[in-house]
Amino acid sequence: MHCEQSILDLPRHIRDLLAGSRDDSLQQALVDFLNLMLSGAFDQEISFIIFGGRLIALSKKDCGIRSICAGYTLRKLAAYGLSNNNNGDGGC
């Protein structure tokens, strides 16, 4: 399972980081990290951080509550890559 995303598919802040780099080492590091994440190679302590989220409750105008879960950007990037580039074998 390997993930090779186009720079245009990335969130804006990561695109800006990659556009300012002098070589492809940051992009390669991101691809390597995402491949580790997708392979399930992290220890439980690291997985807790990466796959967890921070739950925030916001008040709605109608007095209801809207729950928002802010998660880890690279986890979202991996999920985005899997969902948009799935070629039928479970990979990106």
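The values are calculated or read from the model by the stated rules, or taken from the named source; none is laboratory data. Fair warning: this is a prediction, and the values are worked out from it, not measured in the lab. Please note: Cβ atoms are built from the backbone with ideal geometry, for glycine as well, and neighbour counts cover all protein chains shown.
If the condition is being surrounded by 11 or more Cβ atoms within 10 Å (Cβ to Cβ) and touching a residue at least 12 places away in the same chain (Cβ under 8 Å), then the stretch 29-62 contributes L30, V31, F33, L34, N35, M37, L38, I50, F51, G52, G53. Could you look through the stretch 11-28, keep only residues that are within 18 Å of L82 (Cα to Cα) and without any contact (Cβ under 8 Å) to a residue 24 or more places away in the chain, and pick out the one that is surrounded by the fewest Cβ atoms within 10 Å (Cβ to Cβ)? Top of the filtered list is Q28. Scanning the stretch 37-60 for residues that are among the aliphatic types (A, V, I, L, M) and closer than 18 Å to G71 by Cα yields M37, L38, I46, I49, I50, L55, I56, A57, L58.
So which of G53, G40 ends up being under 24 Å from L82 (Cα atoms) and touching a strand residue (DSSP E or B) at 6+ places or on another chain (Cβ under 8 Å)? The conditions single out G53. Is it the case that the stretch 59-71 has a residue that's modelled with pLDDT under 80 and under 13 Å from the mean Cα position of the chain (by Cα)? Yes, the stretch 59-71 has at least one match.
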